[in-house]
1. Round to a whole angstrom and tell me the spacing of the C-alpha centers of the stretch A:288-366 and the stretch B:126-194.
2. Taking the Cα atoms only, what angle lies between the long axis of helix B:57-69 and the longest principal axis of chain B, rounded to 10 degrees?
3. Based solely on C-alpha atoms, express the radius of gyration and the Dmax of chain A in angstrom.
4. For chain B, what is the relative contact order in percent, using Cα pairs closer than 8 Å and at least 6 residues apart in sequence?
5. Is there a quick way to get the dipole size of the stretch B:149-235? I mean about its Cα centre, with the Cβ of Lys and Arg at +1 and of Asp and Glu at -1; what is the value in debye to the nearest 20?
6. Report the charge-dipole magnitude of chain A in Debye, nearest 20, computed about the Cα centre from +1 at each Lys and Arg Cβ and -1 at each Asp and Glu Cβ.
7. Grab the DSSP H runs of the protein assembly as shown that are 4 residues or longer, score each as -39,500 (n - 2.57), total them, divide by all residues and round the 222 nm result to the nearest 500 deg cm²/dmol.
8. Which of the pairs A:LYS39/A:LYS174; A:LYS136/A:LYS174; A:LYS39/A:LYS223; A:LYS174/B:LYS138; A:LYS243/A:LYS325 have their Cα atoms more than 29 Å apart in this structure?
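Taken together, the values in this text are just the output of simple stated rules run on the coordinates, not laboratory data. These figures come from a predicted structure and were not determined experimentally. Note: ideal-geometry Cβ built from the backbone for every residue, glycine included; neighbour counts use all protein chains shown.
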Amino acid sequence: MLRMEKVSKNLGDFVLRDVSLEVGDGEYLVIIGPTGSGKTILMETVAGIYNPDEGRIFLDGRDITGEAPRNRKVCMVYQDYMLFPHLSVEENIAFGLKSRRVSVGEVEEKVAEVSNLLGISHLHPRRPGTLSGGEKQRVAIARAIVMEPSVMLLDEPLSALDGLTRERLRRELKRIHQVYGTTIIHVTHNFEEVFSLADKVAVMNKGEIVQVGTPEEIFRRPKCEMIASFVGVENIFRGVASKSRGMTEIVVDGLKIVATAEGGGDGEGNDGERSDKLNGWEGREVFASVRPEEILISKVPLKSSARNSFSGRVDEIANGGMMVKVWVDVGISFMTMLTRLGYEEMDLKVGDPVYLTFKATAVHVF
Amino acid sequence: MVLTRSPPETLLASLSSKEIQFAIVLSLKTSVASTILCLLVAVPAAYALARYDFPGKSVANTLLDMPLALPPLVAGVGLLLFFGTSLPGRELADAGLVFVFTPLGIVAAQFFVNVPFMVRVMRSTFEGISPRYEYVAKTLGCTEGQALWRVTLPMASNGLVAGSVITWSKAIGEFGAVLMMAGATRMRTETLPTSLFLNMSCGKLDEAISVATILILISVISLYVFERRVGGLRL
């Protein structure tokens, strides 16, 4: 278990103020926060690059506050990979084991094992300069995980990658986390990463931790305006996915939401990609989100080709001037948006029975 | 002009003269020695200037840049006064390290004129390497020294090679400071530029031109290596 107690550090441009944080064994903690909020310096302080001005850091009960980075069993992966350009991929992965003077046979064995897991064995003889972004990040992750660290720090590991590569690597991170059971701290700007990976989320702003909780808590009940505007996502549901006549079905609290096979979103990718995604989701826990403006609200059932239609009651109405937000309870709570005119024409009141309709393509699965 | 002045035969003939051979050997020895000294001093100094903040850093930077603007002749006078008349200079001489009018003085002159340049090349090389490489190396079990040795220095190898080559070629061509420190004694402190000067001043044109040709070749080759290694490096 990693425990930070009132850690402060001032580096001029970046600061940490009184950061206290606990990460359990094998836990996946995601840290989010605006640029310059001190996420990277927090990570580098845990890694031992900087000594905190105040406070203490404990790892598995041991005080590591003044410990040199190499004795901490903490490894780090940066957004821009930081692969050593003068070494081959294989030498990069073996770098840390060689520092530990592990025997040659054992180095080979461990490098082969981690390379297999990440599918990068064929890249071994190449130099980092010749790899694609996704390949580079796999190598960087391999280089860290092969050390079997107590804590692995990932500083926006997926941010520099394109959509598809990012999603693949995200799934692999999840798998690696399951296989190795390593405690992971992951910094990101991307809310999909939060939902698909995090056991726990910490929100940082101006060098402080402002909220810690499960992803649902953070997104449903943000503690302050900063978090609300930063996370800014409505209608997120956790459910179990299954395949049904070429579509994805997500069951959320007994409610069946239909999404397309590729789960909406970017809509890119070929057929192989799609079935690949669907098979990956089959029987697994996924998240679905629907943008409020994609949901039609009506007093009578709508006859349309839209695959999702639910009946429920108006829960809450927030009149915000131009747009009116209406929360509808259909078993789970959806938020929809109406224009002022539409709202007046419908004459909605709290408690009214209404119908919600949205297309399968409006459902974003991740 | 210089290259077309004399036919290759006279060039070869002067190359076989004892005096020119002495100058070549002395130049090679002193320039290699001063380049190695430059490396030993400039690499740690440049690394500190690139990586750490310490009091007096800007003063150190200015002091290092000053000799670049100073005429080597003036630097030579300063060195001569230091080694010839100051207390530490005389103590060095008493201890057996005589710099004034000796080959040792040639090395010292080349070193002091070139070390700021070497520091600048190495400083911008180190500044171009993100310290995060070292951070990663440290989390992968390296001490500070090992991180430097296994990661930063190999990554700086282009700058190291280029800096050494250009320093070496500047050392071979150094005249003003060397003349002041070591004088121009034939067959004793006669480096290639000194030899060029001596031969020219007593009218031995063929010898002078063959020495000039050697110096031109050295500078062309080293410039080529330098450009190849550090095309875009900011100095």
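1. 71
2. Once rounded, one gets 20 degrees.
3. Values for chain A (Cα only, Rg and Dmax): 23.3, 77 Å.
4. Working: 274 pairs, mean separation 76.2, N = 235.
In percent, rounded to a whole number, it is 32.
5. Taking the Cα centre of the stretch B:149-235 as origin, the dipole is about 340 debye.
6. On the way: 46 positive and 53 negative charges, 62 e Å.
For chain A, the charge dipole is close to 300 debye.
7. On the way: 23 runs with 281 residues, N = 601.
Calculated from helices alone, the mean residue ellipticity at 222 nm is -14500 deg cm²/dmol.
8. Numbers: A:LYS39/A:LYS174 21 Å; A:LYS136/A:LYS174 18 Å; A:LYS39/A:LYS223 19 Å; A:LYS174/B:LYS138 26 Å; A:LYS243/A:LYS325 33 Å.
Table pairs above 29 Å Cα-Cα are A:LYS243/A:LYS325.
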